[in-house]
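Enquirer: Below you will find the structure I want to go over with you.
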Amino acid sequence: MKTVFSRFLKDESGATAIEYSLIAALIGVAVISAVKMLGTTMSAKFSGIAGNLT
């Protein structure tokens with residue numbers, strides 16, 4: 001039983017998967033926030049252009 005428990009503590013494959021998923025989540029949050037800011041800016045520019053055309 002002691003060897004099974006020590007082998008479980010030394011196994012790092014689960015920790016690596018968690019780290020990769022956290023990195024992917026942070027990248028996703030960064031992309032979403034960048035697209036949201038870009039969308040707001042582009043919407044304001046297109047509204048300005050539409051106002052100048054009418």
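The values are calculated or read from the model by the stated rules, or taken from the named source; none is laboratory data. Keep in mind it's a predicted model, so treat the numbers as computed, not measured. A quick note on method: Cβ atoms are made from the backbone with ideal geometry, for glycine too, and the neighbour counts reach across all protein chains shown. For accessibility, only protein heavy atoms count, side chains too; no ligands or nucleic acids. Shrake-Rupley method; radii C 1.70, N 1.55, O 1.52, S 1.80 Å.
Enquirer: Given the criteria small (Gly, Ala, Ser), surrounded by 10 or more Cβ atoms within 10 Å (Cβ to Cβ) and in a helix (DSSP H, G or I), does Gly14 qualify?
Expert: Details: small (Gly, Ala, Ser): yes; surrounded by 10 or more Cβ atoms within 10 Å (Cβ to Cβ): no; in a helix (DSSP H, G or I): yes.
Taking the combined requirement at face value, the residue does not satisfy it.
Enquirer: I would also like to ask the following. Does Lys2 meet the test of being open to solvent by 70 Å² or more (accessible area, probe 1.4 Å) and over 18 Å from the mean Cα position of the chain (by Cα)?
Expert: yes
Enquirer: Select from region 17-54 the residues that are polar (S, T, N, Q) and assigned to a helix (DSSP H, G or I) and list them in ascending order.
Expert: Ser21, Ser33, Thr40, Thr41, Ser43, Ser47, Asn52 - these are the residues of region 17-54 that are polar (S, T, N, Q) and assigned to a helix (DSSP H, G or I).
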